[in-house]
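Colleague: Dropping a structure here in structure tokens format, bear with me for questions.
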Amino acid sequence: MGGTLVVVRAGALTTVQDLGRPGYAHLGVPRSGALDEPAHRLANRLLGNPESAATLETTLTGCAVRVSAPSVVVITGAPCAVTIDGVPAPWGTTVRVPAGAVVDAGPATYGVRSYLAFSGGVQVAAELGSRATDLLSGLGPAPLREGDELPVGCPRPAGGLPAAEAARWPAPPGELVLPVLSGPRADWFTSGARHALLTCTYRVSPKGNRIGLRLDGPALERTRDDELPSEGMTLGAVQVPPDGRPVVFLADHPVTGGYPVIGVVPPEHLAPAAQALPGTPVRFVPAGPFVPAGPEIHYGC
């Protein structure tokens, strides 16, 4: 092992994440993993780690850790101020850190989630083949707290790191545009509701989390009042609870649910949702055939 990370400042919600544990839905275990998967993969590539190596995913307020041994670190995802023992350091570029130094990723200056990656990866014990923290099932390490110690792998030898350029990455979205496919229960909604989903602007609710992106906006009216037996849920499902406001399922989503799914966002389009601040406008655009949306009806958009 390459030493440990000691948590000096845990932040609002910092978790260990990798590429998740797909393939266990039949056991009631969601995929989990980094919400902004491209940012997680980029961090590991810059360090020469496998893309599956575990990183630290922060939420809004960042975090700070002390390294017990010389290390190499990079921070991607939401831009933030980076310091090493209080000295400013670049974001999105690999930085060599001496033993005992504190790496501090400050609050996100724009966006929601930053990714702290270390050469060798965070080496907490794996469960079902993954080190990811799953807030729904409770698998993986608990969210970080001050004083926690996390093992890390050995850094690559000096000169063994790839040439590191600054991370070229799109800014978090000012408007979140989500392609959507027709869901298995789209016909449970009125034509006006389907039209509203594809034409109205929603906004990201502050009530969202790693389980789902909750949206504020026009309530979607159903044509049926009967109960739906629980059925399988997938990443990107747009579920509509009784209040009519859609929820886009993210990495820690439940594997079954009893509310109708009006649409599904293909997983490859979900990464920007990880960086959408509360209040961010959200529009759904059809990514393929959709149950007929019906005539243009004013729906309080």
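The values are calculated or read from the model by the stated rules, or taken from the named source; none is laboratory data. Just so it is clear, the structure is predicted and the values come from calculations on it, not from any experiment. Cβ sites come from the backbone with ideal geometry, for glycine too, and all protein chains shown count toward neighbours.
Colleague: Can you name every residue in segment 90-108 that is buried (at least 18 other Cβ atoms within 10 Å of the Cβ) and among the aliphatic types (A, V, I, L, M)?
Modeller: Answer for segment 90-108, where residues must be buried (at least 18 other Cβ atoms within 10 Å of the Cβ) and among the aliphatic types (A, V, I, L, M): Val97, Ala101, Val103, Ala105, Ala108.
Colleague: Continuing with the same structure: Only one of Arg66, Arg113, Arg131 is modelled with pLDDT of 95 or more, over 25 Å from Leu213 (Cβ atoms) and of a type in the set (Lys, Arg); which?
Modeller: Going through Arg66, Arg113, Arg131 in turn, the sole match is Arg66.
Colleague: OK, next. Just to verify a result, which residue in segment 46-61, among those that are surrounded by fewer than 21 Cβ atoms within 10 Å (Cβ to Cβ) and within 16 Å of the chain's Cα centre (by Cα), is nearest to Asp134 (Cα to Cα)?
Modeller: Filtering segment 46-61 for residues surrounded by fewer than 21 Cβ atoms within 10 Å (Cβ to Cβ) gives 48, 50-52, 60-61.
Retained after the next criterion (residues that are within 16 Å of the chain's Cα centre (by Cα)): 51-52, 60-61.
On the way: Glu51: 19, Ser52: 16, Leu60: 19, Thr61: 20 Å.
By that ranking, first place goes to Ser52.
Colleague: Considering Ala99, Ala125, which residue is within 22 Å of the chain's Cα centre (by Cα), at pLDDT 95 or above and either part of a loop (DSSP other than H, G, I, E, B) or among the small types (Gly, Ala, Ser) (or both)?
Modeller: On the way: Ala99 fails: within 22 Å of the chain's Cα centre (by Cα).
Just a single option satisfies the conditions, and that option is Ala125.
Colleague: Please specify each residue of segment 248-259 satisfying the condition of being surrounded by fewer than 23 Cβ atoms within 10 Å (Cβ to Cβ) and either closer than 11 Å to Leu215 by Cα or among the β-branched types (Val, Ile, Thr) (or both).
Modeller: Within segment 248-259, Val255, Thr256 meet the criteria.
Colleague: Same structure again: Can you tell me which residue among Leu161, Leu178, Leu144 is outside any loop (DSSP other than H, G, I, E, B) and either within 28 Å of Pro90 (Cβ to Cβ) or modelled with pLDDT of 95 or more (or both)?
Modeller: On the way: Leu161 fails: outside any loop (DSSP other than H, G, I, E, B); Leu144 fails: outside any loop (DSSP other than H, G, I, E, B).
So the residue among Leu161, Leu178, Leu144 that is outside any loop (DSSP other than H, G, I, E, B) and either within 28 Å of Pro90 (Cβ to Cβ) or modelled with pLDDT of 95 or more (or both) is Leu178.
Colleague: Please verify whether Val238 is modelled with pLDDT of 95 or more and buried (at least 21 other Cβ atoms within 10 Å of the Cβ), treating the condition exactly as stated.
Modeller: Yes; evaluated as a whole, the condition is true for this residue.
Colleague: Name the strands (runs of 3 or more DSSP E) wholly within segment 1-94 that hold at least 1 residues that are of a type in the set (A, V, I, L, M, F, W, C), within 22 Å of Ala274 (Cα to Cα) and not assigned by TED's automatic domain parsing to the domain that holds Ala273?
Modeller: Fully inside segment 1-94 and qualifying: 15-17, 55-57, 63-67, 71-77, 80-84.
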